[in-house]
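In what follows, a single structure is set out as structure tokens and then discussed.
The values are calculated or read from the model by the stated rules, or taken from the named source; none is laboratory data. Just so you know, these numbers come straight off a predicted model, no measurement behind them. Here the Cβ is made from the backbone with ideal geometry for all residues, glycine too, and neighbour counts use every protein chain on show.
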Amino acid sequence: MNILLASSEVFPFSKTGGLADMVAALAGALAKEGHEARVVTPLYRGIREKFPAMRKVDWFFHLPLGLKFVQAELWELDVARGLKIYFVDQASYFDRPGIYQEDNFSYADNAERYIFLSKCVVHLARYLAWRPDVVHVHDWQVALVPALLAQQKNEGWGNPPPTVLTIHNLAYQGVFVEQAFALTNLPESFFNTEGAEFFGLLNCLKAGIAYADIITTVSPRYAREITTEEYGCGLDGLLRRRQKDLAGILNGVDYNEWNTTKNPHLFKTYSVGRMAGKKVNKLELQKFFGLPVDAATPLFGTISRLAEQKGVDIQLGALAEMLNTKMQFVLLGSGSPEYERGYRDLVRQFPSKVAVRFGYDETLAHRIEAGCDFFLMPSRFEPCGLNQMYSLRYGTIPIVRATGGLDDSVIDWMQNPRLATGIKFSDYTSRSLAKAIRKALVLFNQPKLLQACRRNAMHADFSWEQTVHNYLSIYHKCTNITSS
Ligand code: ADP
Ligand code: GLC
């Protein structure tokens, strides 16, 4: 099949979270299976310098955006056999210091930037000599594509390809003032309660849910959760109406990137059969963070966007309670200044037990995954979550709240003592998390049990070779829907 994917982030070109990892890995897996995947994404600042092999395409975009026309150029990079990335080069939109924001303020013209990107995706789908069988868009930034393609049909394109929308996070919907709708150049008939309108505002993700042929999200449990009022972020009604076209597919992991045996980021490689290297990573990590270097002190870690979703509030509460025991905690994160302050206070309170780094650091992320004994991920909600799956492969026991993809990817003792891979808790409270941390401390002192749990964790397999077939059946399903 020919699959045209679109995403505002693709690893290793741009990344603020798991979206970038997922899209890159899915596209790679499709290509490996013998299909042809092409991904459309913005040419953000610095990408061209880092990937000098990219070529300029002889194609000049000149697309309407409300009352004006906007121009762009196109670059392409062949990443592997069957995998090509198209970069939309529009300097005034994308050649900026940040992807979505600067200094914690979203760019004021995000609607304009991503409506333009969506229009480029549609233009490519229509005019590339290479014909996509399916267009697969990810998150709100490109969620207007299905509506824009439907309009192309009204305007005489006989047979546009079917569309799949993957929701990576229902909490980010791309909601803008009504006037932004004019930038889409869609007829008013798209702006109603069954379409792009949400209480008088433009809602890009809602438009995607309304017009895509099939909607997927990134875990089975989250697919169920988002049809409820509690997790539906105001769109549960529409999602319930589209339930027969809604599927949950747990993300895979790119084990070429995230592994412990061939990994340039690690202090020392290791594997299930040779665990000595994990201890070296732990001691080096303690040294790096300036904590007492001691293999016998259980080390907990977190790598996260510091956002409400990630359960920072209950984590701060639970750590304040538990750090009086023998344990250490390290954090790599960035996001809300208020949460950063919370962690700084914790460091001040427990200087020899807590260390934090604010910012984005790929190498340190791998080192924390490898060096810690336990990984904390107490999310309020979590569509899939990748870090807990990376932790499993790194033999770092995840402690997760039983929600969304966290619940689908971790097995607790209570579920199956023989196959347990981690520790889960349910109530969204500091007390509940503290109790889970206490369980981890007990486990740490039972080397045989800990070893068995690590072994289970490291053997858990979330490879894309399996997952990709779920997407392929979705693609086949939607090509059948539109051709019948
Ligand atoms: P989300 O996409 O909601 O942020 P995921 O768990 O799916 O959560 O993915 C997060 C990804 O971003 C992981 O690859 C994680 O390692 C990475 N990440 C998050 N924060 C940082 C950071 N400060 N530095 C490096 N990598 C980070
Ligand atoms: C989103 C979600 C996260 C998921 C990622 C990749 O950022 O918050 O749970 O793992 O997308 O699908």
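Checking the condition touching a helix residue (DSSP H, G or I) at 6+ places or on another chain (Cβ under 6 Å) and modelled with pLDDT of 95 or more, which residue from Glu284, Glu321 passes?
Every option except Glu321 fails the conditions.
Quick test of your reading of the structure: Arg393 fulfils all but one of (1) crowded, with 16+ Cβ neighbours inside 10 Å; (2) more than 16 Å from ligand 2 (Cβ to nearest atom). Name the failing condition by number.
Against the list (1) crowded, with 16+ Cβ neighbours inside 10 Å; (2) more than 16 Å from ligand 2 (Cβ to nearest atom), Arg393 comes up short only on (2).
Take the conditions among the small types (Gly, Ala, Ser), free of Cβ contacts under 8 Å to residues at least 24 places away in the same chain and more than 16 Å from ligand 2 (Cβ to nearest atom) and apply them to Ala180. Does it pass?
The answer is no for Ala180.
With respect to the numbered conditions (1) without any contact (Cβ under 8 Å) to a residue 60 or more places away in the chain; (2) in a helix (DSSP H, G or I), which one is the sole condition not fulfilled by Pro264?
(2)
Residue by residue through segment 279-337, note down the ones that are closer than 15 Å to Thr396 by Cα, away from ligand 1 (no atom under 16 Å from the Cβ) and either touching an Asp or Glu at 6+ places or on another chain (Cβ under 6 Å) or of a type in the set (Val, Ile, Thr) (or both).
Scanning segment 279-337 gives Val280, Thr297, Pro298, Leu299.
Residue check: is Ala125 under 20 Å from Trp140 (Cα atoms) and touching an Asp or Glu at 6+ places or on another chain (Cβ under 7 Å)?
So Ala125 fails the test.
Taking the condition in contact with a strand residue (DSSP E or B) (Cβ under 6 Å, 6 or more places away or on another chain) and of a type in the set (S, T, N, Q), does Gln101 pass?
no
For (1) of a type outside the set (Gly, Ala, Ser); (2) surrounded by 18 or more Cβ atoms within 10 Å (Cβ to Cβ); (3) within 16 Å of ligand 1 (Cβ to nearest atom), each residue gets a yes or a no:
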site: Pro12; (1), (2), (3): yes, no, yes
site: Ala20; (1), (2), (3): no, yes, yes
site: Val40; (1), (2), (3): yes, yes, no
site: Arg45; (1), (2), (3): yes, no, no
site: Ala53; (1), (2), (3): no, no, no
site: Asp58; (1), (2), (3): yes, no, no
site: Gly66; (1), (2), (3): no, no, no
site: Ala91; (1), (2), (3): no, no, no
site: Asp95; (1), (2), (3): yes, no, no
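Please specify each residue of segment 327-382 satisfying the condition of being under 25 Å from the mean Cα position of the chain (by Cα), of a type in the set (Phe, Trp, Tyr) and either at pLDDT 95 or above or surrounded by 16 or more Cβ atoms within 10 Å (Cβ to Cβ) (or both).
Phe329, Tyr339, Tyr343, Phe358, Phe374, Phe375, Phe381
Assess whether Leu165 counts as being more than 16 Å from ligand 2 (Cβ to nearest atom), modelled with pLDDT of 95 or more and outside the structural domain of Cys384 (by TED's automatic domain parsing).
no
Can you pull out every residue in segment 210-234 that is in contact (Cβ under 8 Å) with a residue 24 or more places away in the chain and more than 16 Å from ligand 2 (Cβ to nearest atom)?
Those that are in contact (Cβ under 8 Å) with a residue 24 or more places away in the chain and more than 16 Å from ligand 2 (Cβ to nearest atom): Ala210, Tyr211, Ala212, Asp213, Ile214, Gly234.
Testing Ile411 on (1) β-branched (Val, Ile, Thr); (2) crowded, with 24+ Cβ neighbours inside 10 Å; (3) more than 16 Å from ligand 2 (Cβ to nearest atom), one condition comes back false. Which one is that?
Failed condition: (2).
Based on this model, can you work out whether Leu449 counts as touching a helix residue (DSSP H, G or I) at 6+ places or on another chain (Cβ under 8 Å), buried (at least 16 other Cβ atoms within 10 Å of the Cβ) and part of a helix (DSSP H, G or I)?
The answer is no for Leu449.
Any residue that is within 16 Å of ligand 2 (Cβ to nearest atom) and not in a strand (DSSP E or B) - is there at least one of those in segment 316-333?
Within segment 316-333, none of the residues are within 16 Å of ligand 2 (Cβ to nearest atom) and not in a strand (DSSP E or B).
Could you go through segment 275-287 and let me know if any residue there is within 16 Å of ligand 2 (Cβ to nearest atom) and more than 21 Å from Val442 (Cβ to Cβ).
Looking through segment 275-287, none of the residues is within 16 Å of ligand 2 (Cβ to nearest atom) and more than 21 Å from Val442 (Cβ to Cβ).
Tell me which residues, restricted to segment 228-238, are within 20 Å of the chain's Cα centre (by Cα) and more than 17 Å from Glu194 (Cβ to Cβ).
Passing the criteria: Tyr231, Cys233.
When you scan segment 190-200, how many residues do you find that are surrounded by 16 or more Cβ atoms within 10 Å (Cβ to Cβ) and not in a helix (DSSP H, G or I)?
5
Here is a yes/no grid of residues against (1) within 25 Å of Tyr172 (Cβ to Cβ); (2) out of contact with any Ser or Thr (no Cβ under 9 Å at 6 or more places or on another chain); (3) without any contact (Cβ under 8 Å) to a residue 12 or more places away in the chain; (4) not in a helix (DSSP H, G or I):
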| site | (1), (2), (3), (4) |
| --- | --- |
| Glu284 | no, yes, no, no |
| Val293 | no, yes, yes, yes |
| Glu340 | yes, no, no, no |
| Ala355 | no, yes, no, yes |
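Read through the list (1) surrounded by 22 or more Cβ atoms within 10 Å (Cβ to Cβ); (2) farther than 24 Å from Pro447 by Cβ; (3) of a type in the set (Ser, Thr, Tyr); (4) away from ligand 1 (no atom under 12 Å from the Cβ), then give the number of the only condition that Thr421 fails.
Answer for Thr421: the failing condition is (2).
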